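Here is the structure we will look at, set down as structure tokens.
The values are calculated or read from the model by the stated rules, or taken from the named source; none is laboratory data. Please read all numbers here as calculations on a predicted model, not as lab measurements. Here Cβ is always computed from backbone atoms with ideal geometry, including for glycine, and neighbour counts include all displayed protein chains. Accessible surface areas use protein heavy atoms only, side chains included; no ligands, DNA or RNA. Shrake-Rupley method; radii C 1.70, N 1.55, O 1.52, S 1.80 Å.
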Amino acid sequence: MTVMSYWVDVANRELSTGRAGPVADVSERGQNRVSEPGHTEGDGGCTGRSTTTEGDGLREVAVRTARLGPRERAESLAAMAERELDVLVVGGGVVGAGTALDAATRGLATGLVEARDWASGTSSRSSKLIHGGLRYLEMLDFALVREALKERGLLLQRLAPHLVKPVPFLYPLQHRAWERLYAGSGVALYDAMSLSSGHGRGLPVHRHLSRRRALLVAPALRRGALVGALQYYDAQMDDARYVATLVRTAAGYGAQVASRARVVGFLREGERVVGARVQDVDAGGTYEVRARQVVNATGVWTDDTQALIAERGQFHVRASKGIHLVVPKDRIHSTTGLILRTEKSVLFVIPWGRHWIIGTTDTDWDLDKAHPAASSADIDYLLDHVNSVLAVPLTRDDVQGVYAGLRPLLAGESDATSKLSREHTVAHPVPGLVVVAGGKYTTYRVMAKDAVDEAVHGLDTRVAPCVTEDVPLLGAEGYRALWNARARIAARTGLHVARVEHLLNRYGSLTEELLDLVTEDPGLGEPVTGADDYLRAEVLYAASHEGARHLDDVLTRRTRISIETFDRGTRCARECAELMARVLDWSEDQIAREVEHYEKRVEAERESQRQPDDQTADAARLGAPDIVPL
């Protein structure tokens with residue numbers, strides 16, 4: 001069975017969907033072309049075909065849907081060590097993954113290594129918004145907002161419609177006349193900049209609401225907390241899932257990728273960087289990976305990575321901590337998200353499936369970067385501010401999950417991290433090494449383009465320009481046709497249509513790969529115990545196709561069970577570990593170690609959230625071991 005051609009064929013025949021367009025492929029010289037019908041390329045992974053309509057007929061084009069299983073990881077490490085790469089990217093967050101995709105789709109021999117799991121740092125702990133940034137508009141950073149709004153439109157309409165979705169926000173007005181004029185002008189400019197980008201037609205424009213209308217939209221608001229409101233639209237995604245899909249897309253275009261592969265030093269020939277020494281964190285051993293250009297895309301670890309070459313960087317990255325709370329949907333009665341002004345920045349209340357995400361804080365952080373901790377003071381700060389507008393206040397007992405992340409900000413003159421720039425910088429501190437830092441999630445593709453452009457200068461050969469503006473992520477092609485056919489898919493598979501919608505909005509047209517697993521083992525079509533938003537098949541698939549190496553990877557990033565359940569995933573930990581063991585060949589002892597490690601992590605996080613300040617919270621969080629022994 002092909003990866004997705006069957007269901008797209010059904011959708012096209014039964015529902016007469018419009019033309020989706022061909023999938024762009026890239027040859028070794030970076031020239032765009034369309035693959036021949038039935039032709040597959042690349043080694044490793046699995047290959048499928050997507051179908052598009054043209055006139056009255058069907059046309060098939062090849063799409064490689066790379067697996068990131070344990071065998072593929074080992075093969076990638078070996079391949080990187082065997083031959084010199086054009087570009088080696090260090091850092092598996094959204095910028096590093098985007099850089100690998102950009103380089104690979106220009107026809108460059110590309111490698112990507114990450115010390116921990118994909119998106120295990122900042123890129124899995126954001127507010128999960130794709131937005132221009134209204135507060136940057138207020139700071140008069142028009143160029144950043146315009147750039148981000150263009151990227152938002154591309155992601156919604158072309159690059160990842162299965163992963164990036166519109167989300168409404170309500171801004172309560174507390175002053176009559178002048179505030180409506182001031183805030184309304186800003187939101188109107190926001191909409192106008194979006195439309196002028198050429199990619200802003202996928203979202204409704206803002207609207208003004210009276211207090212009565214605002215309370216109908218968001219009954220949870222306290223009547224005295226507003227005199228009226230504005231409602232506007234932005235977009236959201238699952239940040240960790242987006243990065244995993246980005247990495248798989250890069251691999252599908254030929255990039256060699258490996259997580260749990262830590263750079264412990266750089267290879268030098270005189271002043272020039274010519275590669276890196278990469279340690280296999282899980283299996284042991286060190287590889288020498290040679291590359292004509294190395295890109296440091298390690299976010300808040302930029303300065304640490306730079307220190308490996310014993311050179312002072314041209315700029316420094318400062319970490320700002322932001323924490324978020326997750327509460328059940330029924331605790332806040334509203335049909336829209338909220339955006340509230342605080343004394344330091346803004347606070348979001350974001351719809352998230354059957355939950356709300358509340359965040360964020362913005363404070364300096366100079367402690368452990370791998371596991372930033374949320375303190376009791378952080379949690380109280382968010383609760384106090386959101387409760388200032390709610391008719392029924394939230395309490396600590398309402399909080400299902402808490403997570404903390406670090407923003408990589410370019411160090412500047414301002415003492416307050418909320419005032420530092422979110423623009424990015426690319427530099428070439430020594431020959432052979434490019435550094436990209438700063439920026440925001442929404443503009444990752446632009447950062448990646450700039451990083452590869454800089455690396456190309458050192459290749460002394462002609463390289464094709466960036467094409468990622470026209471390269472959809474895996475799962476995007478055929479997604480809308482499959483969405484139209486979701487009722488028919490549900491009838492065929494026996495799953496409820498809500499389950500099919502859930503899968504389509506997480507995997508897009510790759511959903512058939514999961515449905516195949518359920519066909520082979522119907523038990524995988526059952527929900528995970530204690531986390532029934534997710535199917536057991538998703539846990540298995542995370543290990544076989546999405547690069548999950550440990551239990552923590554699945555419960556924290558491939559799914560969001562760790563923040564969406566009151567038990568933080570401990571109830572289903574054993575079940576998920578046993579499912580992963582089928583793919584990763586774990587022994588009973590290893591299953592027990594994985595579960596024990598995860599339970600210690602949860603307890604350490606809970607203990608840190610009882611502490612009064614950053615120092616004590618950090619110490620409590622570090623009470624759990626960082627690495628699961630194999």
**Study point:** strands (runs of 3 or more DSSP E) wholly inside segment 70-177 containing at least 1 residues that are within 30 Å of ARG222 (Cα to Cα) and open to solvent by 30 Å² or more (accessible area, probe 1.4 Å)
**Key:** 165-173
Check your understanding: In this structure, does LEU189 turn out to be crowded, with 22+ Cβ neighbours inside 10 Å and of a type outside the set (S, T, N, Q)?
Key -> no
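For segment 241-285, which positions are outside any strand (DSSP E or B) and basic (Lys, Arg)?
Applying the first criterion (outside any strand (DSSP E or B)) to segment 241-285 yields 241-255, 259-260, 270-271, 281-285.
Listed by number, the residues that qualify are ARG241, ARG248, ARG260.
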Practice item. Could you list all residues from segment 508-546 that are under 23 Å from LYS600 (Cβ atoms) and of a type outside the set (Ser, Thr, Tyr)? Key: VAL528, GLY530, ALA531, VAL539, ALA542, ALA543
Review point. Of the residues in segment 292-330, how many are open to solvent by less than 70 Å² (accessible area, probe 1.4 Å), part of a strand (DSSP E or B) and out of contact with any Ser or Thr (no Cβ under 6 Å at 6 or more places or on another chain)?
Key: 8
Review point. Assuming ARG223 fulfils every condition listed in (1) of a type outside the set (Gly, Ala, Ser); (2) exposed (fewer than 14 other Cβ atoms within 10 Å of the Cβ); (3) without any contact (Cβ under 8 Å) to a residue 60 or more places away in the chain; (4) in contact with a helix residue (DSSP H, G or I) (Cβ under 9 Å, 6 or more places away or on another chain) apart from one, which condition is it?
Key: (3)
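Could we say that GLU538 is of a type outside the set (Val, Ile, Thr) and over 30 Å from ILE489 (Cβ atoms) here? Talk me through it step by step, then tell me what you get.
On the way: of a type outside the set (Val, Ile, Thr): yes; over 30 Å from ILE489 (Cβ atoms): no.
It is false that GLU538 is of a type outside the set (Val, Ile, Thr) and over 30 Å from ILE489 (Cβ atoms).
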Check your understanding: Do the conditions hold for VAL463, that is, is it over 27 Å from the mean Cα position of the chain (by Cα) and within 25 Å of ALA66 (Cβ to Cβ)?
Key -> yes
Review point. Which residues, counting only those in segment 454-488, are in a helix (DSSP H, G or I) and in contact with a helix residue (DSSP H, G or I) (Cβ under 7 Å, 6 or more places away or on another chain)?
Key: THR468, GLU469, TYR479, ALA481, LEU482, TRP483, ASN484, ARG486, ALA487, ARG488
Point to revise | Hits in segment 250-283 (condition: over 26 Å from PRO629 (Cβ atoms) and hydroxyl-bearing (Ser, Thr, Tyr)) | key: TYR253
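Let me confirm something: among VAL273, VAL300, which residue is farther than 30 Å from GLY200 by Cβ and touching a Pro at 6+ places or on another chain (Cβ under 6 Å)? Walk me through it before giving the result.
On the way: VAL273 fails: touching a Pro at 6+ places or on another chain (Cβ under 6 Å).
Selected residue: VAL300, the only one of VAL273, VAL300 that is farther than 30 Å from GLY200 by Cβ and touching a Pro at 6+ places or on another chain (Cβ under 6 Å).
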**Study point:** Among (1) over 30 Å from LEU433 (Cα atoms); (2) out of contact with any Asp or Glu (no Cβ under 7 Å at 6 or more places or on another chain) - the single one HIS206 does not satisfy
**Key:** (2)
Practice item. Determine whether segment 438-453 contains at least one residue that is at pLDDT below 95, touching a strand residue (DSSP E or B) at 6+ places or on another chain (Cβ under 9 Å), part of a strand (DSSP E or B) and crowded, with 24+ Cβ neighbours inside 10 Å. Key: yes
